[in-house]
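Here the structure comes first, spelled out in structure tokens, and everything after it is commentary.
The values are calculated or read from the model by the stated rules, or taken from the named source; none is laboratory data. All figures in this text were calculated on a predicted structure; none of them were measured in a lab. Don't worry about glycine lacking a Cβ; one is built from the backbone with ideal geometry, like all the others, and counts go over all protein chains shown. Side chains are part of the model used for accessible areas, which takes the heavy atoms of the whole protein and leaves out ligands, DNA and RNA. Shrake-Rupley method; radii C 1.70, N 1.55, O 1.52, S 1.80 Å.
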Amino acid sequence: MKAGLVLVFAIVISVFSTLEYALAAEMEFDTRFIPPKIVEGSEAKILVYTTQDGNVFPKKIDNLRAVSLDASIVKVTDVNSNTGSFVSEITVKAYKAGKTTITLVAPGFSPIEVPIEIFGNKFSQTQLLIKTTPEEYSLDGLTKGYVSVQLADEDGFPVLAKQDTIVSLSSSDNNIISILQPEVIIKEGQNHVITQFEIIGSGDADIYASSLGMKPKSIEINIDDEEDLDIALHVFPKTINTHTASKGHIIAQLERGGQPVIAKENIRVDLRITNDDYTTKTNLSDDLYNSIKTVGYFEIKKGMYWGYTTFTTLSGIEDTYNISISAKKPLVVKTETFDTKNLELFDEKIVKIETLPILATGERELIGIMYLEDEGGNPIKASKDIHVLIDSADETFLQVESVVLRKGDGSVPIYAKVGTSVPEKIEIFPRIEEADIITPTVFGPNKKSLDLKVEPLIDKIISGSKFPIALYLIDGDDVPGFPENSELFVSPSEYVSVEKRTINKGEKIAIINAESLKEGDDDVQFKIKNYAETINIDSVSSSISEVELVHSDVIFSGTNDVFSVQILNDAGSPVFASKDIEIQFVLKDESLLEIPDSVTINKGEYYSLFDVAAKASGETELSVLTDGLPIETYDIEITSLEPTLELAVPSIIEGEESFSATLKVTHDNNPLSDMSVKWNVEGGLVTNASPTTGSTGEALLFVLGQSKTNIKISADVSGSWYSPVSITKTVKVNSTSDSEFMAFGEESESSEYTQFEIFGFDPVLILVPAAIGIGGFMLKKKGMLQIRQ
């Protein structure tokens, strides 16, 4: 029986070793550049190391190979895997500014492409930067936007023009975007120029900027167009008194999804009025012949959302008429009807007001038609001039003009000055007896839904220069304009000065002049009435503004690490030293690291490398001091390479019982595989043992007890770069039991080890055939097992 159990355990450990090998987590490459930012014409190194499940795994990479996708930008000159550590070194030579990738391959690893950027080193070489304001547009929103063009060096750092520089601007589709100034000039000593473009239609279009001897640039603009345009037809009054010749009113409103929208171009609206009895043509609004049929046209003007005209009816004729309109762009045909009645009624009885959909444009708009009726709803004409004042619940948004209905007329249009943001309550009411309160339908942003947007018109600001800032209100994609005249408040700043001026009512985008006072950045608040936004304004210069220290993300105790220091300008681009620059280091805890007191970046260089020895695990701070620059402090953590061991054994066995022990090896709570395990058992016979840990970090040991008192189990663990460690556990032996299998039917007292059952059955009876089947399947998959037919 004992021999059978030994065979079972041997099969189990063999199968699970095979499964662990098959399911082992895949090793992956990770990299680090030294220096992090590489300049054309210089050499640099790429450090390559292994990770597993995202954690650094100290394992040497054999037969590493590397190749550049574009050797004209950067070329691999050497690959060294024999560095004396688990980190391999790739040496590269940078030839010119640009971006490409380095491909890494090695046995046991999936290939990866590592992006690499090479920076230019000649600040006099320039290119163009282009920026549009705002960033988002819709066909129903702004009609114009701003585009700025800046001069910059190879690395995108802004520079001043050495002479007047002509810049050509063009649009990829003039049916979508039209440039107002196709040719602009950046004046000598200046950095940028700004002009405007006009939004014509919907879709995607690119704005291109080019200048002789410079890299051209482009920017894409998308003009949203959610639904097709439509034209709504309104005819007032619906019934016209024809006792004498009378006027009717026709209004066409451009809309999208039932909401008025501004026309981007003049829209011709053709008109036809017909009935069944009269077919002779007449002129619109002229003296009519013996007919009512009218043919003509009117327009919805560019920048407006409505078009308006009148028609005249013959006296004494009663009938029903059709008014039809049509347009080509958008393609629309609409029809409405009206009736005529010959009624000898003159009075000033009941004033009726029909309102139109109103768009919050900030302009004077046609908002409705006023006409007269009697108690029976019949149309009547004014017996005298009637002056009507119409009040608004919010005069700041809607100021209705007084209306005069002349003697003998039956209707008159109503105009009002409309605001740009809709208040919560919109009501109008005429100052006449028995007048009803009217609630018009208004479209536009609500005051509470508006947000202030502030942004410089240029992408990068040079310290000591002047630049413009754009302020505008947004409501989703719409830019409605400021609802009222307001004073601009700007928080004080030692880095930037902003002019103070009044923001005018209806102004879509307010342009404010500003000046950078010195290099650096500051949070500046802009406030207009109840709207405020704080932005960070950053002014850059070409001088050295930062020393950047970089080290490995994970530093192991007992190993060396390569540190790099690099000098950068305000844009974060590497800068060459115009003189020797000494950089000093002060370590808070010198017991953890061995580091030089200082290093020097020599004149004409842009970085320096140095080795640091990690002596013990722990955390410390490293301060970096450089003349003329603020002190920089870095947190450094050193991780121990000593694994953590857990050995699970039963606390007691019965006589000469067979049992198993499980060793788990981890580091930072991550399992360690391929660690060498040397087992030592006193008082028992080892029937099978795992010589290394599997992918779960575990190794198994199977022992047949031989001692009558206790069994001592020890495991010595070592491997790769980890410190060797050991663990020992003792298993007591109950020698008073008569049954050598008693231990299989009793629960262990150890919390670390429990003999378990499945529904009352010994799992060995289930595990053995299953293990054999799985093992056979895995062996067959690996080509190690063949089944004869």
Tell me the residue from E605, E642, E637 that is farther than 30 Å from V665 by Cα and either loosely packed, with under 13 Cβ neighbours inside 10 Å or among the charged types (D, E, K, R) (or both), please. E605
Just one of (1) open to solvent by 10 Å² or more (accessible area, probe 1.4 Å); (2) touching a residue at least 60 places away in the same chain (Cβ under 8 Å); (3) of a type in the set (A, V, I, L, M, F, W, C) trips up L685, so point out which. (2)
Being open to solvent by less than 60 Å² (accessible area, probe 1.4 Å) and modelled with pLDDT of 90 or more is the filter; apply it to region 502-514 and report the residue that is farthest from T361 (Cα to Cα). A514
Considering A44, A24, which residue is modelled with pLDDT under 55 and on the phi < 0 side of the Ramachandran plot? A24
In region 474-484, which residue that is surrounded by fewer than 19 Cβ atoms within 10 Å (Cβ to Cβ) and in contact with a strand residue (DSSP E or B) (Cβ under 6 Å, 6 or more places away or on another chain) is nearest to S449 (Cα to Cα)? I474
Scanning region 697-715 for residues that are among the aliphatic types (A, V, I, L, M) and open to solvent by 10 Å² or more (accessible area, probe 1.4 Å) gives L700, L704
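Results for (1) outside any strand (DSSP E or B); (2) open to solvent by less than 20 Å² (accessible area, probe 1.4 Å); (3) within 24 Å of A470 (Cα to Cα); (4) touching a Pro at 6+ places or on another chain (Cβ under 8 Å), shown as yes or no for each residue.
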{"position": "I130", "(1), (2), (3), (4)": "no, no, yes, no"}
{"position": "D155", "(1), (2), (3), (4)": "yes, no, no, no"}
{"position": "A161", "(1), (2), (3), (4)": "yes, yes, yes, no"}
{"position": "V167", "(1), (2), (3), (4)": "no, yes, yes, no"}
{"position": "S170", "(1), (2), (3), (4)": "no, no, yes, yes"}
{"position": "I194", "(1), (2), (3), (4)": "no, no, yes, yes"}
{"position": "F197", "(1), (2), (3), (4)": "no, yes, yes, no"}
{"position": "L212", "(1), (2), (3), (4)": "yes, no, no, no"}
{"position": "E220", "(1), (2), (3), (4)": "no, no, yes, no"}
I'd like to know if region 110-127 contains one or more residues that are within 24 Å of P58 (Cα to Cα), free of Cβ contacts under 8 Å to residues at least 24 places away in the same chain and either of a type in the set (G, A, S) or open to solvent by 30 Å² or more (accessible area, probe 1.4 Å) (or both). yes
Hits in region 407-417 (condition: open to solvent by less than 40 Å² (accessible area, probe 1.4 Å) and part of a loop (DSSP other than H, G, I, E, B)): G408, G410
Looking at (1) assigned to a loop (DSSP other than H, G, I, E, B); (2) more than 24 Å from T133 (Cα to Cα), which is the one condition that is false for L233? (1)
Of T143, T126, the only residue that is modelled with pLDDT under 95 and either assigned by the TED database to the domain that holds L473 or under 20 Å from A571 (Cβ atoms) (or both) is T126
Cβ contacts < 7 Å: first residue closer than 7 Å to S315 by Cβ, restricted to region 240-254; second residue open to solvent by 10 Å² or more (accessible area, probe 1.4 Å) and hydrophobic (A, V, I, L, M, F, W, C), any location; separation 6+ or different chain. Result? T242/L314; T242/I317; H243/L343; A245/L314
Within region 375-406, which residues are of a type outside the set (D, E), more than 15 Å from K352 (Cβ to Cβ) and open to solvent by less than 40 Å² (accessible area, probe 1.4 Å)? S392, F397, L398, V400
In region 84-105, anything open to solvent by 50 Å² or more (accessible area, probe 1.4 Å) and out of contact with any Lys or Arg (no Cβ under 6 Å at 6 or more places or on another chain) is listed as G84, Y95, K96, K99
Filtering region 497-513 down to residues that are among the hydrophobic types (A, V, I, L, M, F, W, C) and under 28 Å from the mean Cα position of the chain (by Cα) yields I509, A510, I511, I512
Output the qualifying pairs, or none if there are none: Cβ atoms under 7 angstrom, residues six or more apart or on different chains, first residue in region 706-720 and outside any strand (DSSP E or B), second residue among the charged types (D, E, K, R). Q706/E656; S720/K59
Hey, among K341, K334, K328, K352, which residue is within 59 Å of the chain's Cα centre (by Cα), of a type in the set (D, E, K, R) and over 22 Å from L254 (Cβ atoms)? K352
Name the residues in region 655-680 that are open to solvent by 20 Å² or more (accessible area, probe 1.4 Å) and farther than 28 Å from W721 by Cβ, would you? G655, E656, S660
Flag for D570 being buried (at least 17 other Cβ atoms within 10 Å of the Cβ), at pLDDT 90 or above and within 20 Å of K460 (Cβ to Cβ): no
Checked region 433-463 for anything more than 19 Å from V418 (Cβ to Cβ), open to solvent by 50 Å² or more (accessible area, probe 1.4 Å) and at pLDDT below 85; matches are E433, E434, D436
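Among the strands (runs of 3 or more DSSP E) lying completely within region 283-399, list those that include at least 1 residues that are at pLDDT below 90 and in contact with a strand residue (DSSP E or B) (Cβ under 7 Å, 6 or more places away or on another chain). Outline the logic, then answer.
Values: elements: 294-300, 306-313, 319-328, 331-341, 350-355, 364-373, 386-388, 390-392.
Where strands (runs of 3 or more DSSP E) fall fully within region 283-399 and carry at least 1 residues being at pLDDT below 90 and in contact with a strand residue (DSSP E or B) (Cβ under 7 Å, 6 or more places away or on another chain), they are 294-300, 306-313, 319-328, 331-341, 350-355, 364-373, 386-388.
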